[in-house]
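Take a look at the structure below.
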Amino acid sequence: MSAVAPVMDALDRRIINALQGGFPLSDTPYQDVAEGLGIDEATLLARLQRLLDTGVLTRFGPMFQIERLGGRFVLAAQAVPEDRFEAVTALVNAFPEVAHNYRRTHRLNMWFVLATETPEGIGDVIRRIETATGLPVFAFPKRREFFVDMRLQA
Amino acid sequence: MTTRPPDDLDRRLVLATQAGLPLVSRPYDVLAEQLGISPGEVRARLADMLDNGRIRRIGAVPNHYALGYTANGMSVWDVPDERIVELGEAVGRLPGVTHCYERPGPCPTGPTTSLPWSMARTGRAYWPRWKKSPPCSAAPAGRGTCCSRRRF
């Protein structure tokens, strides 16, 4: 198997599609899912482990709505000069509060999500990122959520 | 309906499953042992957190690039306040849209009120379609502003 591009077969795809939600809260949930897929539990566990090891899955488990647990997620952006882009990327990604960071084609060319355990933590981390990078951080806190569903057909 | 405030068990469950659910035959038993409660209590609490939305779902998070979703775009729309709910819900229902939020913000390119995020498997971005679709073209000053190139 290539180390660069993970190879998925039809069973991997069926497993990913079956596991994107509704995981049973039973004594033996993997066994229950495996039965539904017509495979045994050991096969399912081994496949899941490999999908995680090869990075096809980034995680398997509960997805928390962190705001309902007191934490905060805020989308933020910076306009980073091209010649400093790599250096600023390293500075920003070094903050443990940075959950994702994408380069996007826009004047605001760096977009990241900040996650903190308390609402007050957001302002603090924004100030520290501004100090570290010497660039303003534009924050876009969420006022309302209309739709969130990252289930993707494999 | 009253919702109880988050408590210590919620927090300990988040920490115990942050890396994921154990890949063993009886994963809730493993968590129960770690947390010093019964497997039944673990399952009941997880069910409660699913009911009150503290857990969105229990499942797999695919790396979208590995699944072949090579394109994703983010667009920002300047939407009048009185139409935000109507348009936010309409955009959220469009195929290919994975997130749609209202985000008031000091956007340097203009006021920002709604922010859908879409993903297209084929490399064809969805946002030009939003532009043509009735909900968005009806939004005065609506415009898509961002498209992604790569992830770090």
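The values are calculated or read from the model by the stated rules, or taken from the named source; none is laboratory data. Since this is a predicted model, take the numbers as computed values, not measurements. All Cβ positions, even for glycine, are placed from backbone atoms using ideal geometry, and neighbour counts span all protein chains on display.
Scanning segment A:99-122 for residues that are touching a Ser or Thr at 6+ places or on another chain (Cβ under 9 Å) and not in a strand (DSSP E or B) turns up A:His106, A:Arg107, A:Leu108, A:Ile122. Here is the figure for segment B:1-60: residues that are of a type in the set (Lys, Arg) and assigned to a helix (DSSP H, G or I) total 4.
A:Asp83 meets each of the listed conditions (1) surrounded by 15 or more Cβ atoms within 10 Å (Cβ to Cβ); (2) out of contact with any Pro (no Cβ under 8 Å at 6 or more places or on another chain); (3) not small (Gly, Ala, Ser) apart from (1). Exactly one residue out of A:Leu135, A:Leu91 is in contact (Cβ under 8 Å) with a residue 40 or more places away in the chain and in contact with a Lys or Arg (Cβ under 9 Å, 6 or more places away or on another chain): that is A:Leu135.
Selection of segment A:106-142 for residues being crowded, with 16+ Cβ neighbours inside 10 Å, within 13 Å of A:Pro96 (Cβ to Cβ) and not aromatic (Phe, Trp, Tyr) yields A:Leu114, A:Ala115, A:Thr116, A:Gly121, A:Val125, A:Ile129. Somewhere in segment A:33-53, is a residue under 20 Å from B:Asp10 (Cα atoms) and of a type in the set (Gly, Ala, Ser)? Taking every residue of segment A:33-53 in turn, none turns out to be under 20 Å from B:Asp10 (Cα atoms) and of a type in the set (Gly, Ala, Ser). Among the residues of segment A:21-72, those identified as under 30 Å from A:Pro136 (Cα atoms) and either facing chain B (nearest Cβ under 7 Å) or assigned to a strand (DSSP E or B) (or both) are A:Phe64, A:Gln65, A:Arg68, A:Leu69, A:Gly70, A:Arg72.
Looking at segment A:73-80, can you tell me whether even one residue there is surrounded by 15 or more Cβ atoms within 10 Å (Cβ to Cβ), in contact (Cβ under 8 Å) with a residue 40 or more places away in the chain and within 8 Å of chain B (Cβ to nearest Cβ)? So far as segment A:73-80 goes, yes, one or more of its residues are surrounded by 15 or more Cβ atoms within 10 Å (Cβ to Cβ), in contact (Cβ under 8 Å) with a residue 40 or more places away in the chain and within 8 Å of chain B (Cβ to nearest Cβ). For segment B:1-21, the set of residues classified as in contact with a strand residue (DSSP E or B) (Cβ under 9 Å, 6 or more places away or on another chain) and either of a type in the set (Lys, Arg) or modelled with pLDDT of 95 or more (or both) consists of B:Leu21 only.
Hey, among the residues in segment A:95-105 that are within 16 Å of the chain's Cα centre (by Cα) and within 9 Å of chain B (Cβ to nearest Cβ), which one's surrounded by the most Cβ atoms within 10 Å (Cβ to Cβ)? Per the criteria, the residue is A:Tyr102. Would you call A:Ala34 more than 30 Å from A:Met110 (Cα to Cα), surrounded by fewer than 17 Cβ atoms within 10 Å (Cβ to Cβ) and modelled with pLDDT of 90 or more? No: the conditions fail for A:Ala34.
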